[in-house]
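Written below as structure tokens is the structure these notes are about.
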Amino acid sequence: MKPVRTRFAPSPTGFLHVGGIRTALFAWLVARQQGGQFILRFEDTDKKREVAGAREHLVQSLRELGLTYDEGPDIGGPYAPYVQSERLDSYQKYARQLVEAGRAYADPYTPEEVQGFREAAQRAKQPFLYRNSRPENPPEWDGSQPLRFKSEPKAYAWHDAVMGDLSTGPEVIDDFILIKSDGYPTYNFAHIVDDAEMQISHVMRGQEFLASTPNYLNLYEALGLERPVLATMPHIMAENGNKKLSKRDGAKDVLDYIRDGYLPEALVNFIASLGWNDGTEQELFTTQELIEKFSLDHVQRSGARFDEKRLEWMNGAYIRQLALDTLYDKVRGFWPASAEAYDDDYKLRVLGLAQERLKFFSELPMLTEFFFTDLPINSELISGNKQLKKLDTAEIRSLLEQAQVSLTESDFSVPDITERLNLLLEATGQKPGILFSLIRIATTQAPASPALADTLAVLGKDRSLARLNAQLAALS
RNA sequence: GGUCCCUUCGUCUAGUGGUCUAGGACACUUGGUUCUCAUCCAAGAGAUCGCGGGUUCGAAUCCCGCAGGGAUCACCA
């Protein structure tokens, strides 16, 4: 059995969104599971479409998710270089081989002429096949014309590790371009040469390549190459609509999610679960479990929709599993600006209360702002409260004053505050819905906060009482 | 238009002839956890398994047809 070597071979023409990263993840999982290698290769043969910064973005996305590669453009390896534009000699060599074997020829037509053939086919409601116009005596290939593959149309039946048994007739085989007139190879040619030279055992790619696979099969044969295991991934679709997920639909890329404070492991778990499961009811998998349990034949054949709500849930679940110290470390950089003046101990206590409410880190300021700075008095919190709006100002004042008196005596430990609040409930004859809501609003000025005693204990005596005063003063 | 692929709750999915009057998770609804938000717990609603034929004692599961969706038919990948 050949050693397992998988690859992720993006073109640096855009940013990597969650759909694209899944292909990389699955390839990585297969390599790690089998103790093989995972390779990164840039397919930059279309110089016109290349986007500045895309390479760095790709590398960083993989690194953030922990999808480490063993060989790649920046780290080299036994089959370097891992950038197609630096491998032009290889393609020339294989191209010459095909020309000599009579399996490739120069395309003598102008682009306009080819376009004419295409339009004629369209008018006749036929699929366009270049080989129907194959020149009888093509000129010698001097590199200035495109080099085309001379295909040998035939039916194919092959196995795809995800899609199962597939088959097509000879009508889909055509003379595609191997080398463009600018000297660069097409993807169709380059990836086959590279995969062979780099000893790739499994080729994983998106569904958009399914239709051209028979042509690749034809080329493998012409080149006398053993073909790798083929695995075709279904698309990940946008949340609404049936189109494949794309940046245009507002799809975020991986780094956007990292920036919003999603945990890499949750992201990996979520992306893996889009189209894969282990056949049980398990939902949460550590990356290690994913490596152990992943299997291509359990990959779904139909497209999956990207449901961000589910990602949020999953990320929240991961956050809750984290030890507080670990969480604290990861959350650095997400605190509100007002938190800067506070020490680790205080922020740690705040984080302890926020942990079970956090779905991703960038929610932290919204959830904790009032622990660090006095929010302006918001009278609507009282007037808009279903129960509190029934009370008149005098009653509210009285309740707050009694709370103030009692809390002034407190040592502000959670048990002591709890006891005093309970006593207050009895003394005032009020329900928690009224008394606690009122104190909570007065001391936070926030629509939501953690449990009252916990919140007060973290805020501390001075600040809690000061806010009670401020609320009292604003009553009038 | 040709070719190929796909089709189970709104969403991600389990399911490979009988244990499926279809299971889990997200989302949603309701109740409980002394206030809010969240967590957690419990309960509920939600899928005639795309449709129509067949095979079989028996089909979500096998076969055929149809429909819908998607991909592809570039000197893009």
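Every number here is computed from the coordinates shown, using simple stated rules; none is lab data. Worth saying up front: this structure is predicted, and the values here are computed from it rather than measured. Note that each Cβ is placed from the backbone with ideal geometry, even for glycine, and that neighbours are counted across all protein chains shown.
Take peptides A:452-460, A:217-225 and line them up by average Cβ neighbours within 10 Å, highest first, as a rough protection proxy. Walk me through the intermediate numbers first.
Working: A:452-460: 20.3, A:217-225: 17.7.
Going from most to least packed, we get A:452-460, A:217-225.
With each label point set 7 Å from Cα along the Cα-Cβ vector, what nm distance links A:L348 and A:F117?
Going from the A:L348 label point to the A:F117 one covers 7.3 nm.
Using only Cα atoms and rounding to the nearest 10 degrees, what angle (0 to 90) does helix A:111-123 make with the longest principal axis of chain A?
The two axes meet at around 80 degrees.
Between the DSSP loop rule and a limit of at most 14 other Cβ atoms within 10 Å, which trypsin sites (Lys or Arg not before Pro) in region A:337-431 are left? Kindly include the intermediate steps, with their values, before the conclusion.
Working: sites: A:K347, A:R349, A:R357, A:K359, A:K386, A:K389, A:K390, A:R397, A:R420; in loops: A:K359, A:K386.
Qualifying residues, ordered by number: A:K386.
From the phi angles alone, apply the Karplus equation (6.51, -1.76, 1.60; θ = phi - 60°) to region A:398-410 and give each ³J(HN,Hα) in whole Hz, x where the residue is Gly or Pro.
4, 4, 5, 5, 5, 5, 4, 4, 5, 6, 4, 7, 7
Suppose every Lys and Arg Cβ carries +1 and every Asp and Glu Cβ carries -1, with no other charges. What dipole size does chain A come out with about its Cα centre, to the nearest 20 debye? Before the final figure, lay out the partial values.
Values: 54 positive and 68 negative charges, 198 e Å.
Roughly 940 debye for chain A.
Between A:S362 and A:L166, what is 0.36 nm times their sequence separation minus the Cα-Cα distance? Round to one decimal in nm.
Details: separation 196, 0.36 × 196 = 70.56 nm, distance 4.57 nm.
My answer for the length gained is 66.0 nm.
Taking loop as defined by DSSP and a crowding limit of 10 other beta carbons within 10 Å, which GluC sites (Glu not before Pro) in region A:119-207 fit?
Answer in residue order: A:E136, A:E140.
Excluding A:S406 itself, calculate the net charge of residues whose Cβ lies under 11 Å from the Cβ of A:S406, where each Lys or Arg counts +1 and each Asp or Glu counts -1. Please list the in-between numbers first.
Working: positive: A:R420; negative: A:E401, A:E409, A:D416, A:E419.
Neighbourhood net charge equals -3.
Quick one: check the C-alpha center-to-center distance for region A:386-453 versus region A:158-199, whole angstrom.
The two parts, judged by their Cα centres, are 72 Å apart.
At 0.36 nm per residue, and after removing the present C-alpha to C-alpha distance, how many nm does the segment from A:Q402 to A:A427 gain when stretched out fully? Working shown, then result.
Details: separation 25, 0.36 × 25 = 9.00 nm, distance 0.91 nm.
Taking 0.36 nm per residue and subtracting the Cα distance, the gain is 8.1 nm.
Determine the dipole magnitude for region A:105-205: charges of +1 sit on the beta-carbon of Lys and Arg, -1 on that of Asp and Glu, nothing else is charged, the reference point is the Cα centre, and the result goes in debye to the nearest 20. Intermediate results must be reported in sequence, preceding the final value.
On the way: 10 positive and 17 negative charges, 74 e Å.
Computed about the Cα centre, the dipole is about 360 debye.
What residues qualify as long-range amide H neighbours of A:Y79, i.e. H under 5 Å apart, gap of 5 or more or another chain, H built at 1.01 Å from N?
For A:Y79, whose amide H was placed from the backbone, there are no distant partners under 5 Å.
For A:D182, what is the net charge nearby, where nearby means another residue's Cβ is under 12 Å from its Cβ and Lys, Arg count +1, Asp, Glu -1? Kindly include the intermediate steps, with their values, before the conclusion.
Working: positive: A:K47, A:K48, A:K180; negative: A:D46.
Result for the neighbourhood of A:D182: +2.
Which one of A:L364, A:L424, A:V114 has its Cα pushed farthest toward the positive end of the charge dipole of chain A, where Lys and Arg give +1 and Asp and Glu give -1 at the Cβ?
A:V114
Rounded to the nearest 0.05, what FRET efficiency do A:L88 and A:Q34 have when you use their Cβ-Cβ distance and R0 = 41 Å?
The calculated FRET efficiency here is 0.80.
Taking Cα pairs under 8 Å and at least six residues apart, what relative contact order does chain A come out at, in percent? Numbers along the way, then the final one.
Values: 664 pairs, mean separation 59.2, N = 476.
Rounded, it is 12 percent for chain A.
Using the alpha-carbon atoms, what tilt in degrees (0 to 90, nearest 10) does helix A:308-321 show relative to the longest principal axis of chain A?
60
Between helix A:264-273 and chain A, what is the angle of the helix's C-alpha long axis to the longest principal axis, kept within 0 to 90° and rounded to the nearest 10?
60
How much of the pair distance distribution for region A:267-390 lies past 24 Å, counting alpha-carbon pairs only, in percent?
On the way: 3706 of 7626 pairs.
Within region A:267-390, distances greater than 24 Å cover 49 percent of Cα pairs.
Could you give me D for region A:374-475, from Stokes-Einstein at 10 °C and 1.306 mPa s, where the hydrodynamic radius is the Kirkwood radius over C-alpha pairs? Units µm² s⁻¹, please. Walk me through the numbers on the way to the answer.
On the way: Rh = 13.4 Å.
In µm²/s, the coefficient is 119.
Using the Cα centre as the reference, give the magnitude of the dipole from point charges on the C-beta atoms of region A:374-475 (Lys, Arg: +1; Asp, Glu: -1; all else neutral), rounded to the nearest 20 debye. If you can, show how the numbers build up before the last one.
Working: 10 positive and 12 negative charges, 75 e Å.
So the dipole magnitude of region A:374-475 works out to roughly 360 debye.
What list do you get for A:K293, A:K461, A:K431 if you sort them by fewest beta carbons within 10 Å? Write out the running numbers ahead of the final one.
Numbers: A:K293 18, A:K461 15, A:K431 11.
Fewest to most other Cβ atoms nearby, the residues stand as A:K431, A:K461, A:K293.
Please give the length that would be gained between A:F128 and A:D325 if that part of the chain were fully extended, namely 0.36 nm times their separation in residues minus their C-alpha to C-alpha distance (nm, one decimal). Mind showing how you got there, number by number?
Working: separation 197, 0.36 × 197 = 70.92 nm, distance 6.21 nm.
Extra length from A:F128 to A:D325 when fully extended: 64.7 nm.
What is the fewest-to-most order of A:F42, A:F117, A:F360 by other Cβ atoms lying within 10 Å of their Cβ? The partial results should precede the final answer.
Numbers: A:F42 23, A:F117 15, A:F360 20.
In order of increasing Cβ crowding within 10 Å: A:F117, A:F360, A:F42.
I'd like the projected area of region A:5-66, averaged over all directions, using the convex hull of its alpha carbons. Report it in nm² with one decimal.
If you wrap the Cα atoms of region A:5-66 in a convex hull and average its projections, you get 4.0 nm².
Set Lys and Arg Cβ to +1 and Asp and Glu Cβ to -1, take the dipole of chain A about its Cα centre, and tell me which of A:N215, A:Q60, A:A95 lies farthest positive.
Towards the positive end, the residue furthest out is A:N215.
Rank these for me by crowding, A:D165, A:D70, going from fewest to most other beta carbons within 10 Å.
So the residues, fewest neighbours to most, are A:D165, A:D70.
Kindly work out what percent of the DSSP beta bridges joining two residues of chain A are antiparallel, to the nearest 5. Before the final figure, lay out the partial values.
Values: 15 of 30 bridges.
If I count the DSSP bridges inside chain A, around 50 percent turn out antiparallel.
How long are the three semi-axes of the equivalent ellipsoid of chain A, in whole Å, if each is the root of 5 times an eigenvalue of the C-alpha gyration tensor, listed from largest down?
Working: eigenvalues 836, 94, 76 Å².
The equivalent ellipsoid of chain A has semi-axes of 65, 22, 19 Å.
Taking only DSSP H segments of four or more residues, each worth -39500 (n - 2.57), what value at 222 nm results for chain A once the sum is divided by all its residues, to the nearest 500 deg cm²/dmol? Before the final figure, lay out the partial values.
Numbers: 19 runs with 212 residues, N = 476.
Only helices count here, giving -13500 deg cm²/dmol.
Place +1 on the Cβ of every Lys and Arg and -1 on the Cβ of every Asp and Glu in region A:374-475, take the dipole about the Cα centre, and give the residue among A:A470, A:F436, A:N385 whose Cα lies farthest towards its positive end.
The listed residue farthest towards the positive side: A:N385.
Net charge around A:R134, counting only other residues with Cβ within less than 9 Å of its Cβ (Lys, Arg = +1; Asp, Glu = -1)? Show your work: numbers first, answer last.
Values: positive: A:R131, A:R148, A:K150; negative: A:E136, A:D175.
Its environment carries a net charge of +1.
Which lysines, if any, have their Cα less than 20 Å from the Cα of A:K461, not counting same-chain residues under 8 positions apart?
Cross-link targets: A:K347.
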